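Visitor: Handing you a structure now.
The values are calculated or read from the model by the stated rules, or taken from the named source; none is laboratory data. Quick caveat: nothing in here was measured; it's all calculated off a predicted structure. Note: ideal-geometry Cβ built from the backbone for every residue, glycine included; neighbour counts use all protein chains shown.
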Amino acid sequence: MSGPRIGVLALQGDVREHLAALAAVGAEPVPVRRRAELDAVDALLLPGGESTTMSHLLRELELVDVLRARLADGMPAYGSCAGMILLAGEIVDAGAEGRAAIPLAGIDMTVRRNAFGRQVDSFEGDVTFAGLAEPVHAVFIRAPWVERVGPGVQVLAEVAGHPVAVRQGGVLATSFHPEVTGDRRIHRLFVDIVTGRT
Ligand code: GLN
């Protein structure tokens, strides 16, 4: 039996690493750059990178409304770092007007872009993650944090009192980058969400 077809938004950022990680946990990953490719996947992973650049490309490729519609329609999704920013309902410090990161509203939350960046650009540490027996070694790179979550949002992990991993229904987001550590538990969790196992 083949795994679910999971798209990786392939405009910019950590695309290859996520394709490899998804394949390693039994999914059938496909890069998504166009509407037809998005239409053909069961779920979508939005990688880390630069949310303003990705937003610019999403606008250019006329993918903003289609993506919003798929998410509103219940498509499972996972966003890491820049991807978490794009999945927010509201973004604080979204970037310069005309170039700002676009909230695609996959999760009822407010995300602050570059939140940790003001204190320290990048850092890593072990984070307790709800549902996982052992902590996750989390790598943060100019990472966002979550400032507000709506009532239907589950906080899965926190750093310094700020949510850094959240889930609402079939949509998952982390401030950190699981694709760089070789720990596949977050990708496995996402595949389990897509297949309805959790
Ligand atoms: N600061 C970046 C942004 O605004 C996110 C960084 C990352 O994805 N590693 O999109």
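Visitor: Quick check on SER175: is it polar (S, T, N, Q) and surrounded by fewer than 17 Cβ atoms within 10 Å (Cβ to Cβ)?
Guide: no
Visitor: Name the residues in region 87-108 that are part of a loop (DSSP other than H, G, I, E, B) and acidic (Asp, Glu), would you?
Guide: Selection gives ASP93, GLU97, ASP108.
Visitor: From the list PHE190, PHE176, exactly one residue is in a loop (DSSP other than H, G, I, E, B) and either within 14 Å of the chain's Cα centre (by Cα) or of a type in the set (Asp, Glu) (or both). Which is it?
Guide: After applying the criteria, what remains is PHE176.
Visitor: Mind checking which residues of region 62-86 are assigned to a helix (DSSP H, G or I) and more than 11 Å from the ligand (Cβ to nearest atom)?
Guide: Across region 62-86, the qualifying residues are VAL64, ASP65, VAL66, LEU67, ARG68, ALA69, ARG70, LEU71, ALA72.
Visitor: Between a first residue in region 169-198 that is under 11 Å from VAL25 (Cα atoms) and a second residue that is modelled with pLDDT under 95, which pairs have beta carbons less than 9 Å apart while being 6 or more apart in sequence or on different chains?
Guide: LEU189/THR198; VAL191/GLY3; VAL191/ARG197; ASP192/THR198
Visitor: Further question: Which of the residues belonging to region 31-55 are within 22 Å of PHE176 (Cα to Cα) and either away from the ligand (no atom under 15 Å from the Cβ) or in contact with a Leu (Cβ under 9 Å, 6 or more places away or on another chain) (or both)? Show your work before the answer.
Guide: Narrowing region 31-55 to residues within 22 Å of PHE176 (Cα to Cα): 31-32, 43-55.
Scanning region 31-55 gives PRO31, VAL32, ALA43, LEU44, LEU45, LEU46, PRO47, GLY49, SER51, THR53, MET54, SER55.
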